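Inspection log for the structure reproduced underneath, given as structure tokens.
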Amino acid sequence: EYWFGLPSRFAVVGDSATNLAYSKFFADQIGLVPVKQIITDNPPERFREAITEQFRNLSEGVSVEPEYLEDGYLVEQSLDTAEFGQSVPLILGSTWEGDVAKRKNVLLIEIAAPASEKVVINSSYIGYRGGLHLLEDIYTASVAGN
């Protein structure tokens, strides 16, 4: 799917709460297709089914099975196998996903620590204005070819 050079498929790498929030926002509000959701914070086993169930119901007709991976090497391997189709790929993650983003020619937006591509003093991706700010950053990265 072509969306004026913007991503139509995405992956998120981060803790369970952050990952779910971004995944729901992009799938339900923006209409992007989730490809790979990697949870890195090792939630207790007793909560994993409830977390997984939330990912199975991101939006009407949109479901994805999250992966629970703490090891950065395994995260990188998993992202390497992600199929983004013909669209511009997007990964929301941290600096640690930078190598795979370069190899796959993927847009990387840093939403998790460590973040080394941008100094943030007084901005956020939280709330209505934060969502607009995130979309601005994605569009800027898309047109800049980052």
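The values are calculated or read from the model by the stated rules, or taken from the named source; none is laboratory data. In this text, all values refer to a predicted model and were calculated from it rather than measured experimentally. We place every Cβ from the backbone using ideal geometry, glycine too, and count neighbours over all the protein chains shown.
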Exercise. Under 6 Å by Cβ, and 6 or more places apart or on different chains, what pairs join a residue from the range 18-35 that is hydrophobic (A, V, I, L, M, F, W, C) with one that is assigned to a helix (DSSP H, G or I) and surrounded by 22 or more Cβ atoms within 10 Å (Cβ to Cβ)?
Worked result: L32/F26
Exercise. Applying the selection to the range 135-146, what residues are touching a residue at least 60 places away in the same chain (Cβ under 8 Å), surrounded by 13 or more Cβ atoms within 10 Å (Cβ to Cβ) and not small (G, A, S)?
Worked result: L135, I138, Y139
Exercise. Which residues, counting only those in the range 57-112, are under 23 Å from L6 (Cα atoms), over 14 Å from the mean Cα position of the chain (by Cα) and among the hydrophobic types (A, V, I, L, M, F, W, C)?
Worked result: V62
Seminar exercise, completed: Checking D41, D71 in turn, the sole residue that is touching a strand residue (DSSP E or B) at 6+ places or on another chain (Cβ under 9 Å) and within 21 Å of L20 (Cα to Cα) turns out to be D41
Exercise. When D28 is evaluated against the numbered criteria (1) touching a strand residue (DSSP E or B) at 6+ places or on another chain (Cβ under 9 Å); (2) farther than 24 Å from I126 by Cα, which criterion, by number, is the only one it fails?
Worked result: (2)
Exercise. Of all the residues that make up the range 100-124, how many are touching a helix residue (DSSP H, G or I) at 6+ places or on another chain (Cβ under 6 Å) and in contact (Cβ under 8 Å) with a residue 40 or more places away in the chain?
Worked result: 1
Problem set entry | Residues of the range 1-27 that turn out to be over 19 Å from E110 (Cβ atoms) and touching an Asp or Glu at 6+ places or on another chain (Cβ under 8 Å), as a count | 1
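What do you reckon, is P66 touching a Ser or Thr at 6+ places or on another chain (Cβ under 7 Å), more than 21 Å from A115 (Cβ to Cβ) and not small (G, A, S)? Break it down into steps so the answer makes sense when it comes.
Details: touching a Ser or Thr at 6+ places or on another chain (Cβ under 7 Å): yes; more than 21 Å from A115 (Cβ to Cβ): yes; not small (G, A, S): yes.
Spelling it out, P66 is indeed touching a Ser or Thr at 6+ places or on another chain (Cβ under 7 Å), more than 21 Å from A115 (Cβ to Cβ) and not small (G, A, S).
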Seminar exercise, completed: Requiring at least 1 residues that are surrounded by 10 or more Cβ atoms within 10 Å (Cβ to Cβ) and at pLDDT below 90, the helices (runs of 4 or more DSSP H) wholly within the range 28-130 are none
For this session: Select, from A11, A17, A50, the only residue that is of a type in the set (G, A, S) and closer than 23 Å to Y139 by Cα.
Result: A11
